[in-house]
1. Quick check: is even one residue across region 443-461 over 27 Å from PRO199 (Cα atoms), in contact with a strand residue (DSSP E or B) (Cβ under 7 Å, 6 or more places away or on another chain), surrounded by 15 or more Cβ atoms within 10 Å (Cβ to Cβ) and free of Cβ contacts under 8 Å to residues at least 60 places away in the same chain?
2. State all residues of region 197-231 that are open to solvent by 10 Å² or more (accessible area, probe 1.4 Å), assigned to a loop (DSSP other than H, G, I, E, B) and not aliphatic (A, V, I, L, M); if no residue qualifies, say none.
3. Of everything in region 349-373, what is under 30 Å from PRO57 (Cα atoms) and either of a type in the set (A, V, I, L, M, F, W, C) or at pLDDT below 95 (or both)? Give them in sequence order.
4. Just to be sure I understand the filter: pairs with C-beta atoms under 6 Å, separated by 6 or more residues or on different chains, first member in region 362-379 and closer than 17 Å to LEU285 by Cβ, second member open to solvent by 60 Å² or more (accessible area, probe 1.4 Å) and modelled with pLDDT of 95 or more. Which pairs pass?
5. Quick one: is ALA255 closer than 20 Å to THR523 by Cβ, buried (at least 24 other Cβ atoms within 10 Å of the Cβ) and more than 12 Å from the chain's Cα centre (by Cα)?
6. Just to check your reading of the model, which residue among GLY151, GLY194, GLY183, GLY175 is in a loop (DSSP other than H, G, I, E, B) and more than 15 Å from the chain's Cα centre (by Cα)?
7. Looking at region 87-127, which of the residues that are surrounded by fewer than 16 Cβ atoms within 10 Å (Cβ to Cβ) and under 23 Å from the mean Cα position of the chain (by Cα) is farthest from LEU68 (Cα to Cα)?
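The values are calculated or read from the model by the stated rules, or taken from the named source; none is laboratory data. As the structure is a prediction and not an experimental result, all values here were calculated from the model. When we count neighbours, we look across all protein chains shown, and the Cβ atoms used for this are built from the backbone with ideal geometry, even at glycine. The protein model used for the area step is the full one, side chains on, heavy atoms only, and it has no ligands, DNA or RNA in it. Shrake-Rupley method; radii C 1.70, N 1.55, O 1.52, S 1.80 Å.
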Amino acid sequence: MPGFIGRVSISPRRAGVALAALTALLVSGCSGEPEPPRPAPSPSAAPIPTGTQAGDPAARAAALVGTLADEDLVGQVLMPYAYGSSATEVTPASAAGNRALAGVDTPAEMVAKYRLGGVILVGFSADDPTSGNQATTNVDNPAQVRDLTTGLRAAAAKLPAGPAPFLIGTDQEYGVVTRITDGVTTLPSALAAGAADDPALTEAAWRAAGTELAAMGINLDFAPVADVLATRSTVIGSRSFGADPKRASAQVAGAVKGLQSAGVAASVKHFPGHGLSAADSHQDLPVIGQARKELDATAFPPFTAGIDAGAMAVMSAHLDVQAVDPGTPATFSRKLLTDVLRGQLGFQGVVITDGMNMAPAKRWSPGEAAVKALLAGNDLILMTPHVGQAYDGLLAALRDGSLPRARLVEAATRVLTMKFQLADRPNPAMSTLNSAEHRKAAQDLAAAAVTVLRGSCGAPVRGPVTVTSSAGRDGTRAALTEALTAAGVTVIPSGGTKVHLVGYGDDASDLSADAAVTVAMDTPYVLEKATSPTLLATYSSSRTSMTALADVLAGRQRPGGRSPVRVPGLPATACAA
C-alpha cells in the first residue's frame, strides 16, 4: 500500500473498534433526554492532542468533537454545493442561487453560517449522464479552482472545527463525468482501464490525477466507480471498469491506492451497485431485482476490494435492493448501510450519500431526508436541495431525540477522522498539472486499452485517411486528426480511408456504412451493428485516447486491450495473445 495510506490511517475494517470506543466516551448518557445546546466555542478552544496521540487521526477527531457545539456537529455532516467561481466574490445570478439554496450570498458565507464540513465543486462536461442534478458550475480552469478552494478553506479555518482540514470534493472520474477538463492530465475512462487490465498502470495514472487534484486544493474525489456493468446502463456505462467482478475489483483497488497515495481521499461508488440496473437514479428509483447470492458474487466484490485497498469513503446509492430491503432506497436503508456495508463488508470509514437533490431523495423534505440518511448509517449528506432546511432538520431532530446524539457524534467523528487522515500533506505545485510525467502515465494506460474487435491486429491504415464522426464530435475529430498527423499519417477532408468515430449515446443510426474503420469511444455495444471490416474500441474520447488510437492506426502501437464487456457476435479481442 502506498506510503500515504500506511502513514496516516489504519485499515477501515479495523479502525471502527478504536473509533467506537472514542465515540462512546463522548456520548455517555445519551440515551436519556437530549442535552441543551452548548454555546459555540472559539477555535482556540479546540486543542489538538499532543504527545502519543498527536499523529492518531481518530484520537484527534474525538478530542475535537468533544469541544464542539450541536451546531458544529450538524455542520460537519453537511457537504452542499454552492453557486459561484469564487468563495467571496460572485455574480448577481450566483448570489441569487446561494440565497435560494442557503439564505446567503457567497460560498464563504455558506460555510460560516452552517459551519459546514465540506463543499462539493460541481460542473458540466460533454456527454455527462449526471448533468440532471448539476444545478450550477464552479469550475472554469485550474487557477480559478485553486483560488476558490483557498477561499473556502480560509472561511472554514475560522470555525470551531477549523483545526481539521476542510473537505473539498468533486466528481473527477475521468471519461464522461469529469468536472475539471482544461489544463489537467486527461485519463482515459474507467472502462478503458478495464480493457487494459493492468492495475499497476491504473494506479500510476490515478496517482498522477490525485496529485493534480491536490494541487488545485481538492482533497476528496467521488471516484472510482465500483459498479460492475451487468446491464447496458447508459448512466453508468463507461464509468464502470467492466462486467467482470474480479477484473473490476483489481482496477478499483488500483485507483484507490493511486488517488490516496497523492493525499486525496477516494470515495468508491455507488453502493450497493448501480451497474445492476439500466435505470437512472437521477430521475427515478432503480430496482435491483437480483438475488442476494448474485449481489454477493457480482456487485459487492469491487467495493470490498476498494475497502481492502484503504478507501476512506463509500458513496451510497438511491437504489431499491429487493433482496435486502425492498422499497427503501439504499441511501436510507440501515439494513444495507449498517448491516451489510459495515457489518458484512467491514467498512468503518465515511459513508456519503449520493446527491440528495436527486429524485429518489426528494420524496422527503430536505430536513427529513437528512435525518433519515444519517439514521441509516450515512455520515455525510451530499448536495442537499436546501442547506438551511437540512441543517435545521438535523438540529431539531437532535434536540427532540429522534436523532440520537450517539449517531450524530459517530458520524461527525468519522468525518473529522478522515479530515485528519488528510492533514499535514503539502500542496503540490500547480506546475505538476499536465506535466510530462503525468501525461505519460495517462498515455500508457490509454495505449494499453485500445482493442481490435474485428480485423487485422496491428495493421496500419493504408493511404491518406479521412476522419468522420457522429454529430457533435468536432473536437474529438480534430484531436484525432492532429494525433494522426503527428504520427505521420496524411489526413484529407474526403476520399481517404474512412475512420468513423462513435461515442456516448450513439446507436446504429450513427454508424457509417462505408467506413473502413469504426471506433467506439464509449461502451462498445454499438459495434455489434457495425459493418466495417475493422472495428476498434478506445472506450474514451479524451485527447489521450485519441493519441493512443492514432498510434495504433499508424502502426506504431500494437493494440493489446480486451473488451471488458461482452459485445454479441464479437470476440473480446481479435488479436492473438
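1. no
2. Correct list: ASP197, ASP198, ASN219, THR231.
3. VAL350, VAL351, ILE352, ASP354, GLY355, MET356, ALA369, ALA370, VAL371, ALA373
4. If the second residue must be open to solvent by 60 Å² or more (accessible area, probe 1.4 Å) and modelled with pLDDT of 95 or more, the pairs left are ALA376/ARG334.
5. Values: closer than 20 Å to THR523 by Cβ: yes; buried (at least 24 other Cβ atoms within 10 Å of the Cβ): yes; more than 12 Å from the chain's Cα centre (by Cα): no.
When the stated conditions are applied, ALA255 does not pass them.
6. GLY183
7. ALA126
Let's see how each residue does on (1) aliphatic (A, V, I, L, M); (2) modelled with pLDDT under 95; (3) under 22 Å from GLN251 (Cβ atoms); (4) in contact with a strand residue (DSSP E or B) (Cβ under 7 Å, 6 or more places away or on another chain):
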| position | (1), (2), (3), (4) |
| --- | --- |
| SER512 | no, no, no, yes |
| ALA516 | yes, no, no, yes |
| ASP551 | no, no, no, no |
| ARG558 | no, yes, yes, no |
| ALA572 | yes, no, yes, no |
